[in-house]
1. Given the structure, is GLU60 buried (at least 16 other Cβ atoms within 10 Å of the Cβ), part of a helix (DSSP H, G or I) and not hydrophobic (A, V, I, L, M, F, W, C)?
2. Could you list all residues from region 111-162 that are among the basic types (Lys, Arg), surrounded by 13 or more Cβ atoms within 10 Å (Cβ to Cβ) and over 18 Å from ASN55 (Cβ atoms)?
3. Does TYR95 qualify as being touching a Phe, Trp or Tyr at 6+ places or on another chain (Cβ under 9 Å) and modelled with pLDDT under 90?
4. Of everything in region 73-105, what is over 30 Å from PHE124 (Cβ atoms) and part of a loop (DSSP other than H, G, I, E, B)? Give them in sequence order.
5. Could you list, ordered by first residue, the pairs with Cβ atoms under 7 Å in which the first is in region 136-150 and part of a helix (DSSP H, G or I) and the second is at pLDDT 95 or above and among the acidic types (Asp, Glu), at least 6 apart or interchain?
6. Residues of region 38-70 being of a type in the set (A, V, I, L, M), under 18 Å from GLY118 (Cα atoms) and in contact (Cβ under 8 Å) with a residue 12 or more places away in the chain, which ones?
7. List pairs: first in region 78-102 and within 15 Å of GLU62 (Cβ to Cβ), second not in a helix (DSSP H, G or I), Cβ under 6 Å, 6+ apart or cross-chain?
8. Is there a residue in region 28-37 that is part of a loop (DSSP other than H, G, I, E, B), among the basic types (Lys, Arg), in contact (Cβ under 8 Å) with a residue 12 or more places away in the chain and loosely packed, with under 15 Cβ neighbours inside 10 Å?
Amino acid sequence: MLAFKEQNCELTLAEGLEIYLSYLKENNKKIGTDKSDADYKIWQCHDCTHVIFGNGATFEEESINDLHGLILCSYKWKDYLAYFEDPFLKNHMKYLWKEVGFKKTMISMFYAYKSLFGILKMRFKMKKKWPLKVPESYLSRKICDLREEYGIQILSERQRPKNFIEWSGAIKNPK
């Protein structure tokens, strides 16, 4: 299991982020990158949501992570939409839609439906919304402390999908 998927993970956000990115690299996945001088590091912030909410990179978990961002994060719409305007993501989405298609996407959404209820429930229990634009200072803080501060509970195994669609870009979660 990826260490940041434990609710009381003692790693810093930077260490969790490194584990997540290593997990992608080990599975030969391309990683979105930000310009070093960018005011808003879209990919770093997106990947931090994977870590703070305990999501891996299966197709279903990517969908769940997008729901976490939409429902549980504070943002300006221009910042949220900037992620979807990123050229790397646009190319990835074209490839994804071509291979996965509408039918498998709908099946995946069916698999992930119960996660939506857990996310909505968490929204009302959170102390405050997680910032979509993650402050650099958060990278040196422990994941467990950030989760405590924001009232973030990662989804339980029961709230997560049990079935996953098969496609060439799928990454299995480590045991």
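1. Yes, satisfied.
2. LYS133, ARG141, LYS142
3. Working: touching a Phe, Trp or Tyr at 6+ places or on another chain (Cβ under 9 Å): no; modelled with pLDDT under 90: yes.
Taking the combined requirement at face value, the residue does not satisfy it.
4. ASP86
5. CYS144/GLU10
6. VAL51, ILE52, ILE64, LEU67 - these are the residues of region 38-70 that are of a type in the set (A, V, I, L, M), under 18 Å from GLY118 (Cα atoms) and in contact (Cβ under 8 Å) with a residue 12 or more places away in the chain.
7. PHE88/GLY32; GLU99/TRP167; VAL100/TRP167
8. There is at least one residue in region 28-37 that is part of a loop (DSSP other than H, G, I, E, B), among the basic types (Lys, Arg), in contact (Cβ under 8 Å) with a residue 12 or more places away in the chain and loosely packed, with under 15 Cβ neighbours inside 10 Å.
The values are calculated or read from the model by the stated rules, or taken from the named source; none is laboratory data. This one's a predicted model, so the numbers in the text were calculated from it and none came from an experiment. Heads up, the Cβs are rebuilt from the backbone with ideal geometry, glycines too, and the neighbour counts pull from every protein chain shown.
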